[in-house]
C-alpha cells in the first residue's frame, strides 16, 4: 500500500511535527516585546533618568487631566465626539485625537501632522534636545515623566512626505515616581 518513500516521509513528519510545534510556540516567547523597542543600551526607558518637567506640556492649550468641556472650548467643534473620545480635524495636514478617562478628563492626546506641515514640531521642541534620526530619516523617541504624570512620544516616518505623530498619555495610577 505504501511505498518506502512515503513511509520515510511519514517518519520524518512524525519526528519534525513536535519540533515545528515547539518552534512556533517558543520563538514568539523569545522575540522582543513591543516594550523592548524602548530599551537603550540595555537600560529600560522606564528607569532612565528624565528631566522633572517635560518640554511638551500641552497641545493648543489642552493638557493631560483637563476636563472634557474645557477641551471642547479650547479646540472647538470636533468632527466626531463621544463620551470617551473626540476627533478634531484642523486641516488636511493636521488632526488630533483626545481620549478621556471615566471621570471625563483627558488621558491621551495624539496629534498627527501629515506631509510637509510647517506646524509639525521638531523633536527638540518636544524633548528639549535633538533626537538622532535613523539612516532613512525616521525618528522615534518616548520619555516618561513620572512627576508630571504622563509620557510623551515623537514618531516621524521616513521620506519626503513624512508623517509626525506626537502623543501624550497619562501614566497608570500607582506608576512609581523617581
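The values are calculated or read from the model by the stated rules, or taken from the named source; none is laboratory data. From a predicted model like this one, the values you see are computed outputs, not experimental measurements. Don't worry about glycine lacking a Cβ; one is built from the backbone with ideal geometry, like all the others, and counts go over all protein chains shown.
List of remarks:
- In segment 141-160, residue farthest from residue 120 (Cα to Cα) [restricted to those that are without any contact (Cβ under 8 Å) to a residue 40 or more places away in the chain and in a strand (DSSP E or B)]: 151
- Residue in segment 36-46 that is surrounded by fewer than 13 Cβ atoms within 10 Å (Cβ to Cβ), out of contact with any helix residue (DSSP H, G or I) (no Cβ under 8 Å at 6 or more places or on another chain) and modelled with pLDDT of 95 or more present: no
- Search result, residues across segment 92-125 that are under 19 Å from residue 66 (Cβ atoms) and outside any strand (DSSP E or B): 101, 102, 103, 104
- Note on segment 132-154: residues that are exposed (fewer than 15 other Cβ atoms within 10 Å of the Cβ) and more than 14 Å from residue 57 (Cα to Cα) amount to 7.
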